[in-house]
Amino acid sequence: MRTQPLLILLLTACSSPSPAQQPAVPDAPQAAIAALEAPGLSLNEDTWHGVDGSSGPVWKVRVDAASLTVLPSEQVQSLTGFQQQATGPAWVVVNGGFYDQAGAAMSLVVHDGQEHHALGSGSGIITGPSPVQIVHKDAYVSGPTEALQSIDRVVDGANNLVNTSPGARRAARTLLAVDGETVWMAVFADERSVIRTPDGARLVVTGSIGPTLHEAAEYVRTQLAAKAALNLDGAVSSQFSVHTQAGDYTVQGERDIINAVVLTPTLPE
C-alpha cells in the first residue's frame, strides 16, 4: 500500500509538459495600473485583447506638441544608458530600430543632422524634431535633423496596413503613432510576460506571446486615433521609461538595444 502514492507521483511527473514544450512564464500578475501626468505628457495603462483570447497590458504615453530625438549608439546597450542621455522635466525614451546579429543598426539613423547609418530596409521612417512625421522610405528626402527607419509602417491614412493571417506571430510590440501634433508611444505585452516591480515592470518570454502585429496596429488606429504608425523593434527589445517630476515608470525588456527614441512635449513659454 505504501507504493501506491509513489506510483501516482511518478505518473504525474511523467505526464507534465517539459520546459521545452511550453514557455516558462511567471504567474499572471495582479492588476497594477500605471499612471503618470505631467504638462504635455501622460502615461496610462490599458488592456489589449487578441482574437485567440489572449490579453495583456498596453502602456500608452501621449506626448503633445511632441519633439523627437534619436539616440544612436555604436553598440548595443541597456535602456539605462539611453535614459541617462534624456533631458528635461518630462520625457519618454523607448527602444528604437532593428539591429543585425553583429549588433549593427539595419537602417537609417540620423541625429542632430548627422547620419549614423545609411538608408536600409524598412518601409517607414519617423522624422523630427517637430513636427514628428512618419513617411514611406520612397518619399523620404534628406533634411530632417532627426530620423529613424524601421521595418513596418503599420498604419497610414488611418488605415491598418497589416493583413490578418492564420498563425501570425505573437510577440511583445512597440509602436509609435502620430495624430497631428500628438505622438503616442504604445508598448504591448502578454499578461503572462509581465513581472511587476516597485517602479514599473520587467518583461519575459516576449518573443512568443503577445499581440499580432495586426492587433497592435488596430489598437492604435481605433483607440488612439492614429493617422500613421510605425512598428519599432519589438519582442525581446520592447521597453521604455517615462520620467516626470511626479515620478518615474520603467518597463524593462529582455535584451539591450542599438538605439532609442526620446519624445518630449513642447510647452508654451
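In this simple spin-label approximation, Ser121 and His136 carry label points 7 Å from Cα along the Cα→Cβ vector, and these lie 2.0 nm apart. Across the chain, counting alpha-carbon atoms alone, Rg and Dmax equal 20.0, 83 Å.
Extending 7 Å from Cα along the Cβ direction at Asp248 and again at Asp46 yields two label points whose distance is 2.8 nm. FRET efficiency for the pair Thr197 and Thr266, taken as 1/(1 + (r/R0)^6) with r the Cβ-Cβ distance and R0 = 35 Å, rounds to 0.70.
Using just its DSSP H runs of length 4 or more, each adding -39500 (n - 2.57), the chain gives a mean residue ellipticity at 222 nm of -3000 deg cm²/dmol after division by all residues.
Shown is the FRET efficiency for Thr145 and Val76, computed with R0 = 30 Å from the Cβ-Cβ distance and rounded to the nearest 0.05: 0.80.
Please report, in debye to the nearest 20, how large the charge dipole of the chain is about its Cα centre when each Lys and Arg carries +1 at its beta carbon and each Asp and Glu carries -1 there.
About 800 debye.
Considering only Asp248, Asp100, Asp190, the Gaussian network model of the chain with Cα springs below 10 Å gives its largest mean-square fluctuation to Asp100. Counting 0.36 nm for each residue step from Gln223 to Ser208 and taking away their Cα separation leaves a gain of 3.0 nm. Taking the Cβ of Trp59 as the center, what net charge do the other residues with Cβ under 10 Å away carry, scoring Lys and Arg +1 and Asp and Glu -1? Net charge around Trp59: -1.
Once C-alpha pairs closer than 8 Å and six or more residues apart are averaged by separation and normalised to the residue number of segment 33-265, the relative contact order reads 30 percent. Sequence-distant contacts, meaning Cα pairs under 8 Å at least 6 residues apart, place the relative contact order of segment 84-190 at 20 percent. Running a GNM on the chain with Cα contacts under 10 Å, which residue among Thr182, Thr174, Thr69 ends up with the highest mean-square fluctuation? Sorting by GNM fluctuation, first place goes to Thr182.
Rule-based calculations on the coordinates, nothing more; no lab input. Because the structure is predicted, anything quoted here is derived from the model rather than measured. Cβ atoms come from the backbone with ideal geometry, glycine included; neighbour counts cover every protein chain shown.
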